[in-house]
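Structure first, commentary second.
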Amino acid sequence: MVKFIAFLTISRIVFAPLIFILIVYFQSYGLALLLFLASSLTDYLDGYFARKFNATSILGEILDPISDKITIIFVLFALTIELNSAFIASVSAAMISRDIWVNGMRELNARLSHSDRTKVTFLAKIKTAAQMFTVSIYLLGLLFNNAFLLFISDFLLFAALIISLTTGLQYTVNSLELDKKEDT
């Protein structure tokens, strides 16, 4: 079961550049949407199976959020290019910066044997779901050439950014607050 779960996680990493290529080079929004939805489903399934069969692993805990980030980054880059959007680029830059920062916090906590301080939270799972939902709406907007869906997607992306920054702040506070307690 662990190998199957790893396959689901790694499939998202493989899907990411394919989705990028479908959007940017072929304007194949329907196929990109289907592949993205399949990728999103694998995110749900690998977590579900890992919990159901108690098949969690340290590697899985590390790879799962990384594969999510890779997928979202590739698709946001593709959307930025395809829509020629400084807004999407700016929000993406902020989200990527947050992700790099959180990974740094996780690395710090791992070295200090305090990995529990930056374990994935429920709000972080909502952040990922919000990002995936938003990307899906962007792709639907492109597929149907619907300006209203693209307009709504911008608001959804901004909401996902707020959630993303909030979780980044929570991880930072958890990491730094506990260090102060240990110093006293």
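Where a number appears in this text, it was derived from the coordinates with a stated rule and is not lab data. If you're wondering where the values come from, they're calculated on a predicted model, not measured in any experiment. Here the Cβ positions follow ideal geometry from the backbone for every residue, glycine too, while neighbour counts run over all protein chains shown.
Values for this structure:
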item: Calculated on alpha-carbon atoms, Rg and Dmax of the range 1-128 in Å; result: 15.6, 47
item: Lysine pair number, Cα distance threshold 20 Å (strictly under), the chain, separation 8 or more or different chains; result: 9
item: Selected from S136, S57, S92 as most flexible by GNM, with the chain as the system and alpha-carbon contacts under 10 Å; result: S57
item: Net charge contributed by nearby residues that have their C-beta within less than 14 Å of G168 (K/R +1, D/E -1); result: +4
item: Degrees, to the nearest 10: 29-52 long Cα axis against longest axis of the chain; result: 30 degrees
item: Length added when fully stretched, F144-I66, from 0.36 nm per residue minus Cα-Cα; result: 25.0 nm
item: Spacing of the two label points (7 Å from each Cα toward its C-beta) at N54 and F4, in nm; result: 1.8 nm
item: The chain, helix-only ellipticity at 222 nm - DSSP H runs n ≥ 4, -39,500 (n - 2.57), divided by all residues, nearest 500; result: -30500 deg cm²/dmol
item: Exposed chymotrypsin sites (Phe, Trp or Tyr not before Pro) absent: longest stretch of the chain, with sites in DSSP loops and at most 15 other Cβ within 10 Å deemed exposed; result: 54-143
item: The chain: angle of helix 58-83 to the longest principal axis, Cα-based, in degrees nearest 10; result: 30 degrees
item: Folded to 0 to 90 degrees: helix 147-183 orientation relative to the chain principal axis, Cα; result: 10 degrees
